[in-house]
1. Once Lys and Arg get +1 and Asp and Glu get -1 on their Cβ, which of A:ILE163, A:MET1, A:GLN17 lies farthest toward the positive end of the dipole of chain A?
2. Using the Karplus curve 6.51 cos²θ - 1.76 cosθ + 1.60 with θ = phi - 60°, work out ³J(HN,Hα) for each residue of the range B:130-136 in order, rounded to whole Hz, and write x for Gly and Pro.
3. With a cap of 10 neighbouring Cβ atoms within 10 Å, and only residues DSSP puts in a loop, list the trypsin sites (Lys or Arg not before Pro) found in the range A:84-146.
4. When Cβ neighbours within 10 Å are restricted to other protein chains, what is their mean count per residue of peptide A:99-108?
5. Tell me the relative contact order for chain A as a rounded percent, counting alpha carbon contacts under 8 Å between residues six or more apart.
6. Please list B:106-117, A:162-173 highest first by mean number of surrounding beta-carbon atoms within 10 Å per residue.
7. Please turn the phi angles of the range A:142-157 into ³J(HN,Hα) values with the Karplus equation 6.51 cos²θ - 1.76 cosθ + 1.60 (θ = phi - 60°), one per residue in order, whole Hz, x for glycine and proline.
8. On average, how many beta carbons from a partner chain sit within 10 Å of the beta carbon of a residue in A:111-121?
Amino acid sequence: MNRLEETILYVLSRAKQRGKDNLSKFELFKFIYLLEVESRKFTGRSFFSNDVVFVRQKNGPISVDIYDALNNLDNKYIRISQRKKEDYPYARHCLSLIKEKKTYNLEESEMMFINSILESYLPLSIKKLKNIVYKTEPMLDIQDKEKETNQDMNGRPLDFNTISLDKDVVDLIAN
Amino acid sequence: MSIEFRTSDILHFEKYCFTDSDNPTYARHYALVLLPPAVMNYSNNLLCAVITSKKTKYFALKLLKSKYSFFNVDSYVCFRRRDINPLTGLSNKKQPVGKLDQIDIERAFKIIKRIYNYTSDVYLMATVVREWKKIL
């Protein structure tokens, strides 16, 4: 199992512990995206060692790598089903765990970092989550390029090198 | 109970466990919450820095008795100490016994940034910085 698959299962498990027994694909994509963004912001490193590529799509960042991971996990660890939730008018693909891993191949502190991310974003509505994602540096960058060139950039990769290190982490390193 | 504690809360432990040695020792102590249970991998644990009445010079935050009346004397948060403690070690006092005020939160964060420069665990550092920034 690769790091992305481990992380997806951990996110689903943690969400379940925090009272959400399933996540929509939309939520999962955004959580994984925000984990990568915040990892670069707070550590200067890619959480997934640059192995997960996100591209611009109509509803924000999408990753083929996550689709592949979900396919690998489907019916072994997770179930993907169509569900209708209160915060959205149509039924969506939802992911739930069918088998919990006993241990995860992640460091204790990496799991705490994921917990911290989820504590911030798990309670948010789809609309608020989308707003936050659109205000991240890679999304702002590609939207600027769309304006400059007057071109639709759907399908183009997002540039994570646009993410600046958090100013307090810069202070910390400079001390 | 576990979910309600927040970063910068001050707790009182009947059995505070010093976990950063090979042989953990226990004592009655006040402690400052560095990471709340909601972020820990086991929801009944906390990451704490011990608070002591012993004057501590380095990487310590002085807490005035005049501001935090539950202390008998001026006390010091020792940020060099970092212990994972279960909630079961808390005393019967009403918890949290207090909370850092905003000025002390800012002072604490400055010390945290200095001390976490020395940790090689970047995701621990990132999590602590991220959680403390939420309350600044």
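1. Among A:ILE163, A:MET1, A:GLN17, the one farthest towards the positive end of the dipole of chain A is A:GLN17.
2. 4, 5, 6, 5, 5, 9, 5
3. A:LYS102, A:LYS135
4. Shielding by partners across A:99-108 averages 1.
5. 31 percent
6. B:106-117, A:162-173
7. 6, 5, 4, 5, 5, 5, 4, 9, 6, 10, 6, 9, 3, x, 7, x
8. The shielding value for this peptide is 6.
Since every read-out is calculated from the coordinates, none of them should be taken as a lab result. Predicted, not measured: the structure shown is a model, and the values here were computed from it. Virtual Cβ from ideal backbone geometry, glycine too; neighbours counted across all protein chains shown.
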